[in-house]
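Colleague: One structure coming up, written as structure tokens, with questions to follow.
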Amino acid sequence: MSKQFELTVDRIKCDGRGLCAELLPELIRLDDWGYPILAAGVVPEHLIPLAQRAVEDCPVLAIALRRTHIKK
Amino acid sequence: MTRLLGTPDTLNPLPPVGADFIDAIERSRLMGRGGAAFPVAAKWRAVAQRSRGNAVIVVNGAEAEPQSKKDRVLMSERPNLVLDGAFIAARVLRARNVILYIGERHDVARNAMLRALSVRSEPERRMVTVSAAPARYVAGAEAAAIHFLNEGIATPTNVPPYPFERGVGGAPTLVQNVETLAHVALLARTGETPRTVLVTLAGGIKKPGVLEVDAQTTIGEAVLRTGGATEAPRAILIGGYFGHWVEPEQAWDLALEAESMRRHGLGLGCGVVGLLPVSRCPVCETAAIMRYLAGESSAQCGPCFFGLRALADACTRIAQRGSNPEDLTRMQRWAVEVRTRGACRHPDGAAMFLSSSLQVFAQEFASHRAHNLGRTA
Ligand SMILES: Cc1cc2nc3c(=O)[nH]c(=O)nc-3n(C[C@H](O)[C@H](O)[C@H](O)COP(=O)(O)O)c2cc1C
Ligand code: SF4
Ligand code: SF4
């Protein structure tokens, strides 16, 4: 087991301003109404600092970076 | 053989059940009948593990699915059987409270349940509270039921926490459909569950209504038992508004049973089998159902609120003004994009329904000419 992270969005909190997609276009794109579509799966290690930024900068704190335990 | 319907609803002492009853449920492979076909034993174990004599049992008789009637028929005809299931759950899971969550418009069913309750034992009656589920589609979803019981607002909330972790009053909570509880009661009484399902036959059928069928009964046989179709069906909607359209030739031989449905990539859902007659326009029908589902979004999550509305609008444009390739392409994309992007599974159900429409009625959608809209769902 290795330590891994994935992104989640609280769909009720998120108000779709799309800041997260600007900060992390590698993993987040927006739908036609400005709400985020997250790339599935584990966040690649080199993107973790950026993902952390997206978590911190979301104006309504809707994004979280959660530990997953995926056996390798 | 024991069955749910057509048997007198007698009041008998509850059969003795202990913690090992969950093993019996597991062996019976009973699955939930509220739509998601979730294994009952797994749900009970999750509550049992956490209950310290404080668990809550929510008896889900909301039945907000527009075409479904089976839960109401069951509560009206076998209220004691449903109550038995609830009290058995209360005993096994060491619950302090049983809540009857019954659709606010289901007067006959609620009265039958209350009448049955009035002659139960004093300790049983003291455990029960009754709550009227708002007549909205999402009010029957378990997180919405709990939100309503806690705060009077019947909209879904984020999970986790799951009901078994933190439900009514923060206590571990079991939300179970009434038909599921009736099966539990018969299992406790007879040692086996009847291998039957309650289905509601709707749409172009001579005698629409609720039928209890053996699990191996095919859709064709069920239709014949209700006097047959009013005219040749164009397609059959299996599982209600979160269900799938299936071509009649394929649907006819399908067994009304969750596992065999799953093997075909389908689901029995809440047990509605709806026949669309050839004389009705499938595009207009799809548009009407999508408008209904979009209107039933609780408007909390952007992808559900905006996505379903856009899907319903695009579908309605095609219905009213005729086919256009842009809307078709966008609908295909949106129907994929909105899935899993809500706090509850409302957008998933609506999107799967729409995808099956686009697939089964591909030709009608591609060649549709402007119509007046058919009647609404
Ligand atoms: C939008 C939505 C509406 C639902 N409506 C109902 C309902 O009216 N009645 C019901 O029993 N389950 C309904 N469900 C399913 C419940 O969330 C829950 O899975 C079910 O009550 C659990 O009981 P079961 O495992 O016995 O099926 C609904 C689910 C969703 C997502
Ligand atoms: S930054 Fe936050 S609120 Fe804005 S779209 Fe992303 S998750 Fe939603
Ligand atoms: S997904 Fe839709 S119905 Fe479910 S909580 Fe969000 S807005 Fe409400």
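Colleague: When the accessible area of the range A:7-72 is computed with all protein chains present and a 1.4 Å probe, what percentage of it is carbon and sulfur? Mind dumping the intermediate values first?
Modeller: On the way: 2050 of 3870 Å².
Carbon with sulfur: 53 percent of the solvent-accessible area.
Colleague: Still on this structure: Would you give the gap between the C-alpha center of the range B:244-263 and the C-alpha center of the range B:38-91, rounded to a whole Å?
Modeller: Centre-to-centre distance over Cα atoms comes out at 26 Å.
Colleague: Further question on the same structure: So what does the Cα-only Debye profile of the range B:282-376 read at q = 0.15, 0.16 Å⁻¹, as log10 I(q)/I(0), no solvent term?
Modeller: Per q value, in the given order, log10 I(q)/I(0) is -0.49, -0.56.
Colleague: Also, I was wondering about something else. Which of the listed residues, B:162, B:85, B:144, is farthest toward the dipole's positive end in the range B:21-190, when Lys, Arg count +1 and Asp, Glu count -1 at the beta-carbon?
Modeller: Of the listed residues, the answer is B:85.
Colleague: So if R0 is 25 Å, what FRET efficiency would residue B:206 and residue B:369 give, r being the distance between their Cβ atoms, rounded to the nearest 0.05? Working shown, then result.
Modeller: Values: r = 31 Å, r/R0 = 1.23.
It comes out at approximately 0.25.
Colleague: As a test, work out the antiparallel percent of DSSP beta bridges whose residues both lie in the range B:196-277, rounded to the nearest 5. Don't jump to the answer; show the numbers that get you there.
Modeller: Working: 16 of 20 bridges.
Once the DSSP bridges in the range B:196-277 are tallied, antiparallel ones form about 80 percent.
Colleague: A drop of at least 50 square angstrom in accessible area, chain alone versus all protein chains together, probe 1.4 Å. Which residues of the range B:315-343 meet that?
Modeller: B:337, B:341
Colleague: Once the Cα gyration tensor of the range B:196-277 is found, what semi-axes does its equivalent ellipsoid get, as square roots of 5 times the eigenvalues, in whole Å, sorted largest first? Please report the intermediate quantities before stating the final value.
Modeller: Details: eigenvalues 56, 38, 25 Å².
Result for the range B:196-277: semi-axes of 17, 14, 11 Å.
Colleague: Then there's this: Compute the helix-to-body angle for B:79-92: its Cα long axis versus the longest principal axis of chain B, expressed 0 to 90° and rounded to tens.
Modeller: In chain B, helix B:79-92 runs at an angle near 60 degrees to the longest axis.
Colleague: Taking 30 Å as R0, compute the FRET efficiency from the Cβ-Cβ separation of residue B:158 and residue B:36 and round it to 0.05.
Modeller: On the way: r = 17 Å, r/R0 = 0.58.
So the FRET efficiency works out to roughly 0.95.
Colleague: Here's a follow-up. Calculate for the protein assembly as shown the 222 nm mean residue ellipticity that helices alone would give, adding -39,500 (n - 2.57) per DSSP H run of length 4 or more and normalising by residue count, nearest 500 deg cm²/dmol.
Modeller: Details: 18 runs with 183 residues, N = 449.
That calculation yields -12000 deg cm²/dmol at 222 nm.
Colleague: When the Karplus curve 6.51 cos²θ - 1.76 cosθ + 1.60 is applied with θ = phi - 60°, which whole-Hz ³J(HN,Hα) does each residue of the range B:327-344 get, with x for Gly and Pro?
Modeller: Working through the residues one at a time gives 5, 4, 5, 5, 4, 4, 5, 4, 4, 7, 5, 6, 5, 6, 10, x, 5, 10 Hz.
Colleague: Quick one: if you stick a label point 7 Å off each Cα along the C-beta vector at residue B:232 and residue A:22, how many nm between them?
Modeller: Label at residue B:232, label at residue A:22, 5.9 nm between them.
Colleague: Continuing with the same structure: State in Å² the accessible area per residue of the protein assembly as shown; use a 1.4 Å probe, count heavy atoms of protein chains only, and round to the nearest integer.
Modeller: The answer is 44 Å² per residue.
Colleague: List the residues whose amide H sits under 5 Å from the amide H of residue B:205, counting only those 5 or more places along or on another chain, with H placed 1.01 Å from N in the peptide plane.
Modeller: Here the answer is B:230, since their amide H atoms fall under 5 Å of that of residue B:205.
Colleague: Right, next: For a label point 7 angstrom out from the Cα of residue B:150 toward its Cβ, which stretches of the range A:13-52 have the backbone nitrogen within less than 16 Å?
Modeller: Residues passing the 16 Å test: A:13.
Colleague: Can I ask one more? Out of all DSSP beta bridges in chain B, what portion is antiparallel? Express it as a percent rounded to 5.
Modeller: On the way: 17 of 39 bridges.
Here the antiparallel bridges make up roughly 45 percent for chain B.
Colleague: Sticking with this structure for a sec: If you take the accessible area of B alone plus A alone and subtract the pair, what total do you get in square angstrom, rounded to 100, with a 1.4 Å probe? Could you put the intermediate results ahead of the total?
Modeller: On the way: alone 15970 and 4950 Å², together 19760 Å².
Rounded to the nearest hundred, the buried surface is 1200 Å².
Colleague: How far is helix B:346-360 tilted, in degrees, relative to the longest principal axis of the Cα atoms in chain B, given as a value from 0 to 90 rounded to the nearest 10?
Modeller: 40 degrees
Colleague: Could I ask something else about it? For chain A, take the longest principal axis of its alpha carbons; what is the angle in degrees between that and the long axis of helix A:48-57, to the nearest 10 within 0 to 90?
Modeller: Relative to chain A, helix A:48-57 is tipped by roughly 30 degrees.
Colleague: With 41 Å as the cut-off, how large is the P(r) tail for the protein assembly as shown, expressed as percent of Cα-Cα pairs? Numbers along the way, then the final one.
Modeller: On the way: 21145 of 100576 pairs.
Of all Cα-Cα pairs in the protein assembly as shown, 21 percent lie more than 41 Å apart.
Colleague: If you restrict to DSSP beta bridges whose two residues both lie in the protein assembly as shown, what percentage is antiparallel, to the nearest 5?
Modeller: On the way: 28 of 50 bridges.
Approximately 55 percent, going by the DSSP bridge assignments.
Colleague: Could you give the nm distance between label points at residue A:13 and residue B:225, where each point is 7 Å from its Cα heading toward the beta carbon?
Modeller: Between residue A:13 and residue B:225, the simple spin-label model gives 5.0 nm.
Colleague: Oh, and also: Hey, what did chain B get for relative contact order, percent, Cα under 8 Å, at least 6 apart?
Modeller: For chain B, the relative contact order is 15 percent.
Colleague: Just which residues of the range A:20-44 lose 10 Å² or more accessible area with every protein chain there, against their chain alone, with the probe set to 1.4 Å?
Modeller: A:29, A:31, A:32, A:33, A:35, A:37
Colleague: Whenever you get a sec, compute what percent of the accessible area on chain B sits on carbon and sulfur atoms (1.4 Å probe). Write down the numbers at each step before the final one.
Modeller: Details: 7920 of 15420 Å².
Carbon with sulfur: 51 percent of the solvent-accessible area.
Colleague: Per residue and in Å³, how big is the convex hull formed by the alpha-carbon atoms of the range B:66-136?
Modeller: Per residue, the Cα convex hull of the range B:66-136 comes to 88 Å³.
Colleague: Any idea how far apart residue B:96 and residue A:50 come out in nm if each label point goes 7 Å out from Cα toward Cβ?
Modeller: A separation of 5.1 nm, rounded to one decimal place.
Colleague: Anyone know which of B:294, B:37, B:19 comes out most mobile in the 10 Å Cα GNM of chain B?
Modeller: Fluctuation is largest for B:19.
Colleague: Indicate the residues belonging to the range B:142-158 that lose 20 Å² or more of solvent-accessible heavy-atom surface (probe 1.4 Å) upon moving from the chain alone to the assembly of all protein chains, ignoring ligands and nucleic acids.
Modeller: Residues of the range B:142-158 that lose at least 20 Å² of accessible area once the other chains are added: B:158.
Colleague: While we're on this one: With r defined as the distance between the Cβ atoms of residue A:29 and residue B:250 and R0 fixed at 35 Å, what FRET efficiency is calculated, to the nearest 0.05?
Modeller: Details: r = 37 Å, r/R0 = 1.04.
After rounding to 0.05, the efficiency reads 0.45.
Colleague: Let me ask you something else. Given springs between every Cα pair under 10 Å in a Gaussian network model of chain B, which of B:350, B:232, B:319 has the largest fluctuation?
Modeller: In the Gaussian network model the winner is B:232.
Colleague: Which residues' amide hydrogens lie under 5 Å from the amide hydrogen of residue B:104, considering only partners 5 or more residues apart or on another chain, with H built in the peptide plane?
Modeller: Counting only residues 5 or more places away or on other chains, the set is B:133, B:135.
Colleague: Sequence-distant or interchain residues sharing an amide H contact under 5 Å with residue B:278, placed H: which?
Modeller: Amide H to amide H, under 5 Å and 5 or more residues apart or across chains, residue B:278 pairs with B:232, B:234.
The values are calculated or read from the model by the stated rules, or taken from the named source; none is laboratory data. Since the model is a prediction, treat every value here as computed from it, not as a measurement. FYI the Cβ positions are ideal-geometry reconstructions off the backbone, even for glycines, and counts take in every protein chain you see. Side chains are part of the model used for accessible areas, which takes the heavy atoms of the whole protein and leaves out ligands, DNA and RNA. Shrake-Rupley method; radii C 1.70, N 1.55, O 1.52, S 1.80 Å.
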